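One structure is given below, encoded as structure tokens.
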Amino acid sequence: MQALILVGGEGTRLRPLTCNMPKSMVPVLNTPFLDHFFHYLAGHGVNNIVLAMGHLSRPIEEYFGDGSRFGIKLTYAVESQPMGTAGAVKNAERFLESSFLVINGDIFTDLDLTAMLDFHEKRRAIVTIALTPVEDPTAYGLIETTSGDKITRFLEKPSWDQVTTNMINAGTYILNKEVLKRIPAGVNHSFERQLFPQLLEAGEPLFAFPSNAYWMDIGTPEKYLKLHRDLMRGEIKGYQVVQGNVVKIGQNCTISPETEIIGPVFIGNNCVINRGVKILGSVVLGDGAYMGEDCIVESSILWSNVRLGSKVTLRECLVANDSLLENNVNAEKTVLGDHVTVSRYSKLGAGTLIWPTAPANPATPGKL
Ligand code: GTP
């Protein structure tokens, strides 16, 4: 089977992490999100993949090339302006087979795609939409069905008095290519708001594939952190990257024996961790992390080459590449972009977001 992955969104809710990095490339356990996704697809026999992209497409192409290094065939359909979810698929029409998967490129799931394809064929659907239950459906697209899983209604971001089900559109579809005829070429068009409701109105067979599979979109800092917690605690079937509270240490790291590290913790390559440091999982340190003495890092994710002075405390923080936190910085629920320097003794309270600065001159790195 073939899959088209939508990766052209701006990822505004995940800024400042996505200022320089497309959402689909943010690291998950030190590996780009899409890399995990390609493994998952390959597990269902999907290795012919079209990426529909626009915003920040270059880092994706540079990393994956034609896909052969990753055992997949990759085709890029690049939009000159954002075409919306359905418009992006229309833009890639020339690359697509008679039926194919469409998947939002910011969703981590272990949904059984093989069973979904089987369902699609047996029901002779022209569109099958995966559904997933959520606690608060008001922020999502809600889908009502008959007891036979035929879709009867779409409701985008309903108010609580309109909520009749907790099953929402999981951003994973199987489409027969004929539906692309209904999408106007060259304009922004949405599956959720336009194509699907129009097909329903026209009496076409649209089916829903309900599932209790793990499902997490990484669209916000909170969800990005939660995905890491779930992955590191081995809670996602098919992604058993760790067993229990493992501490995984990369190559060429220097770690003082006088530290306290409580898993789950993932430490990249070439990291230095000095005396008195406490790392309390779930924590991921990217390659080249440096921690001065007596730092405390808890439930946080640090990308590559992040440097902490001494006595820095981070709780539930996300720190992008090449940032520097000087001595005695204390931050909680804070998101820092690339190349940010936080001066000594700064206190960053919950919800602080700091945008990236221009890259520092690597020959003169900032002082700790
Ligand atoms: P926010 O700005 O935070 O809402 O993020 P987003 O627009 O990147 O993501 P959203 O959840 O709205 O979109 C779901 C998926 O569709 C994501 O994987 C996006 O990358 C993708 N997407 C959204 N709009 C477009 C588009 O115009 N073109 C393409 N190719 N993909 C899109």
**Request:** Calculate the spin-label point distance for residue 162 paired with residue 68, positioning each point 7 Å from the Cα along the beta-carbon direction, and give it in nanometres.
**Result:** 5.0 nm
**Message:** Need one number: the % of Cα-Cα pairs in the range 101-259 sitting beyond the 19 Å mark.
**Reply:** 62 percent
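Just list whichever of 248/347; 122/181; 73/150; 223/278; 23/311 have alpha carbons separated by over 27 Å in the model shown.
248/347; 73/150; 23/311
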**Message:** In whole percent, and with a 1.4 Å probe on the protein chains, what portion of the accessible area of the chain is carbon and sulfur?
**Reply:** 48 percent
**Message:** Restricting to Cα pairs below 8 Å that are 6+ residues apart, what does the relative contact order work out to for the chain? Please round to a whole percent.
**Reply:** 13 percent
**Asked** Each residue of the range 181-193 in order: what ³J(HN,Hα) in whole Hz does its phi give by Karplus 6.51 cos²θ - 1.76 cosθ + 1.60, θ = phi - 60°, with x for Gly and Pro?
**Response** 4, 7, 9, x, 7, x, 10, 5, 8, 10, 5, 5, 9
**Prompt:** All other residues with a Cβ under 12 Å from the Cβ of residue 260 taken together, and with Lys, Arg as +1 and Asp, Glu as -1, what is their net charge?
**Reply:** -1
**Complete:** Counting Lys and Arg as +1 and Asp and Glu as -1 over every other residue whose Cβ sits under 12 Å from the Cβ of residue 99, the net charge comes to -1
**Message:** I'd like the orientation of helix 221-232 relative to the chain: the angle between its Cα long axis and the longest Cα principal axis, in ° from 0 to 90, rounded to 10.
**Reply:** 80 degrees
**Asked** Considering only the other residues whose Cβ falls under 11 Å of the Cβ of residue 299, what net charge follows from Lys and Arg at +1 and Asp and Glu at -1?
**Response** +1
**Prompt:** Going toward the positive end of the dipole of the chain, with +1 on Lys and Arg Cβ and -1 on Asp and Glu Cβ, which of 1, 59, 101 do you reach last?
**Reply:** 59
**Asked** Residue-wise, which Karplus ³J(HN,Hα) couplings in Hz belong to the range 3-13, taking 6.51 cos²θ - 1.76 cosθ + 1.60, θ = phi - 60°, and x for glycine or proline?
**Response** 10, 10, 10, 8, 10, x, x, 8, x, 4, 6
**Item:** Fully extended contour minus Cα-Cα distance, from residue 280 to residue 201, at 0.36 nm per residue
**Value:** 23.1 nm
**Request:** Indicate, rounded to the nearest 5 percent, the antiparallel portion of the DSSP beta bridges found entirely in the chain.
**Result:** 30 percent
**Whole-Hz ³J(HN,Hα) from phi, Karplus 6.51 cos²θ - 1.76 cosθ + 1.60, for the range 69-77, glycine and proline x** = 5, 10, x, 10, 9, 10, 10, 10, 10
**Message:** Quick check: pseudo-label points 7 Å beyond the Cα along Cα→Cβ at residue 93 and residue 10, how many nm apart are they?
**Reply:** 2.7 nm
**Message:** Give me the 1.4 Å probe accessible area per residue for the chain, excluding ligands and nucleic acids, in Å².
**Reply:** 43 Å²
**Prompt:** If you line up the Cα atoms of the chain on their principal axes, what length do they span on each, largest first, in Å?
**Reply:** 67, 39, 35
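Just the number: Rg to Rh for the range 225-332, Cα atoms, Kirkwood Rh, two decimals.
On the way: Rg = 12.8 Å, Rh = 13.5 Å.
My calculation puts Rg/Rh at 0.95.
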**Complete:** Pseudo-spin-label distance residue 19 to residue 115, built 7 Å along Cα→Cβ, given in nm, is 4.3 nm
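The values are calculated or read from the model by the stated rules, or taken from the named source; none is laboratory data. Note that the coordinates shown come from a computational prediction; the quantities given were computed from them, not determined experimentally. For neighbour counting, all protein chains shown are included, and Cβ atoms are generated from backbone atoms with ideal geometry for every residue, glycine included. SASA here: full protein model, heavy atoms, side chains in, ligands and nucleic acids out. Shrake-Rupley method; radii C 1.70, N 1.55, O 1.52, S 1.80 Å.
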